[in-house]
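The next block holds one structure in the form of structure tokens; read it before the comments.
The values are calculated or read from the model by the stated rules, or taken from the named source; none is laboratory data. What you see is a predicted model; the values in this text were computed from it and never measured. All Cβ positions, even for glycine, are placed from backbone atoms using ideal geometry, and neighbour counts span all protein chains on display. Note: areas computed on protein heavy atoms with side chains; ligands, DNA, RNA excluded. Shrake-Rupley method; radii C 1.70, N 1.55, O 1.52, S 1.80 Å.
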Amino acid sequence: MDKNTIMGLLLMGAVIMGFMWLNQPDPDASGPMPKTETTENQNRAIEAGNITSTADSLTVDDLGRLAREVAAYGMADSVAPLMRIKNNSVNLVSDGATVSGTVNVAPGKTVELSQLVGTEASKLPPVVLDSALRAVKSTLLNLVQFKGFARYMNGNADTVRLENKYLKLDLSTRGAMISRVELKDYKSFRGGNVLIADGKNNEYSFILTSSNREFDTREFYFTPTQVNDSTVLMSLDLGNGASLALRYTLPADSYIARLDIEQQGMDNVIPSSTATMDFIWRQTMLRQEEGRMFEERNSAVYYKYAGGDSKYLSETSNDQEEIDERLKWIGFKNQFFTMAFIANQTFNRADLKSEVLPRSNEYYIKQLEAVSTVDYSASNARPASFDILMAPNLYPMLSAIDSDLYPDEDLELTHLVPLGWPLFRWINTWIVIPVFTLLGSWFSNYGIIILLLTIFIKLLIFPFTYKSYMSQARMRLLAPEVKAINDKYPGQENAMVRQQKTMALYSQAGANPMSGCLPMLLQMPVLIAMFAFFPSCIELRGEHFLWAKDLSAPDAIISWTGNIPFVTEYFGNHISLFCLLMTATNIIYTRITMASQPGGNAMPGMKAMQYMFPFMFLIFFNNYAAGLSYYYFMSLLITIIQTYVFRHVVSEDKMRAQMAENAKKPRKKSGFMARLEEAQRQQQAMLREQQKRKGRK
């Protein structure tokens, strides 16, 4: 390709780009589209209504179409038989043949509709004319596209309140949705009552589709009617006997509001072929706790399969799930509070999404979304109903709601309280929570309740603790004899002999090296169950004890600001005192345990590693609830006291004499010892065979 060809191509490209730039559409030429519709839908509406697109005035045909649409879908005027459309843009009346009224062009300023026709339009300032024409054409477009719904597309977003013993609900006339949820018995760390929804962060709607048109309840302004103290009806009168309404009922003593979708004559608006109704719910989850990091880890989208198990999206990262099975409920769960829609029938499917917000956002922690469908019939007077749970994650209360609301179906609402894997959950639900609830009915100070619960659990596992101590004591008394065997049979070639002699010594003395491990293993499920219980225990929320202002949050005694790499992310910007006390007690307990172990001082590397664990726990638990650190602190302290009591009560001389007496008696080998000796014999035979082969070579 020569130079002239290249220059020619460049010139052609420049000409084409210049032509495209000169002929690009003016962004202000077409005016703003209604905020609720896409351009594609509007084009379909324009074609359906044959709306004139001239921009300099209204034509006679425009007025005729406007008169017919206002008469067909407006509301009855005080002067019969006129029909009226009145919204933020226009105030028009029609008898079906003619239309008149005013158009809003600016706050407090209107023009007559007749001024927008023919030569009269040219007398208006261009800016005023343009604004008025946009308003009229937008109104006509909405009438063609939304028909009876169009009269409700403008209005004022007022609120109606429902209130009972536990909740304050504000219902917005825009979308007929619950815009604000206040829990009266719980306080936010910022002050004031906890708000699950604050009027800006929670939005849901129901969408019906008819002939390529979508009727989204979020876009309409409903008329509220206070039926009684516990019920509000939000309705749309669509004309010609058609109506759509959302009825909210809040019982006097409940955390659940009932939502019933009611309708009449909708088969004149929605075709009978429409079998589903879309449900869309979005919430920007409010931050409720001072300890943000732990609140994030315990907040997620939860859902339950119809007739199946409950599941949830990732709590720690962005996640989404497309579910093609029926669901019974969908919930947005915070660490201690939940809002959930429980379908009277089921949700047909769902697309769920969760996004973690940056920590620079001080007021919100996650963006949650649920898009689903429910069965619908235009001829059904009540096509769908929901129970809306807005409640604290309190296990006994959720259990009662579960059994009362749907007695024939396990809703698994208690799974909104994360209590660990099945074994640990079983321990919590059958032992820990009943005892904790019982103690809570007797005492009001939760620091005392945790102490009594700790004592109860230590008594429960006392037999295992005692058995473990006795096993360690026997091994410690046999340590000199084990050392003598090791000295007598040194070297790798005598390893098998040392093992056999040591096992024989244990067998004669009635000691089992594994008997100390089993009791410790049996205690582990209880310790892990408590680890899951305390961070989920809403009873501790806001409860004071000693210096801790809130047992469900870290008890910071030193705090700082700023972001320190790794430190802020994992340790936090504070130091918790109960966590420090737990760490100190853990170091003391480690020292006592190592001193009581046979040959414990002979492995300095292992000794250093065991001392590292308490400091690892310090980093790990610093951001956890003060109640959890307090429990582990008291548990370790009681264990230390038990150890000293055991040493005082158990006589090592008597134990040594008993072991000597056992050595004189013929003992039947345990299954474990027999299997161990058999394994040693087989290993020794293999070694001898290998040595023979080497000798032959």
#### Entry: Length added when fully stretched, residue 188-residue 320, from 0.36 nm per residue minus Cα-Cα
44.6 nm
### Rounded FRET efficiency, nearest 0.05, which uses the C-beta distance separating residue 225 from residue 60 and R0 of 30 Å
0.15
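For a protection proxy built on the mean count of beta-carbon atoms within 10 angstrom, sort 444-455, 383-394 highest first, please.
Top of the packing list down: 383-394, 444-455.
Sorting check: for 536-545, 163-172, 59-68, which peptide has the highest mean count of neighbouring beta carbons within 10 Å, and how do the rest follow?
536-545, 163-172, 59-68
With 19 Å as the limit, write out which pairs from 86/137; 165/200; 458/549 have Cα-Cα distances beyond it, or answer none.
Table pairs above 19 Å Cα-Cα are 165/200; 458/549.
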## Note on the structure
In terms of the charge dipole of the range 297-419, which places +1 on Lys and Arg and -1 on Asp and Glu at the beta carbon, the residue among 335, 358, 390 farthest towards the positive end is 358
### Message
Could you tell me which residue out of 226, 208, 189 lies farthest along the dipole of the range 141-269 toward its positive end? Charges go on the beta carbon: Lys and Arg +1, Asp and Glu -1, centred on the Cα centre.
### Response
189
### Message
Can you give the FRET efficiency to the nearest 0.05 for residue 97 and residue 528, using r as the Cβ-Cβ distance and R₀ = 60 Å?
### Response
0.15
### Task
Quantify, in whole percent, the carbon and sulfur part of the accessible surface of the range 249-291 (1.4 Å probe; protein heavy atoms only).
44 percent
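Hey, what's the range 370-505 come to in accessible area per residue, 1.4 Å probe, Å²?
Numbers: 6540 Å² over 136 residues.
That works out to 48 Å² for each residue.
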### Message
Compute the distance from the alpha-carbon center of the range 184-201 to that of the range 261-328, in whole Å.
### Response
22 Å
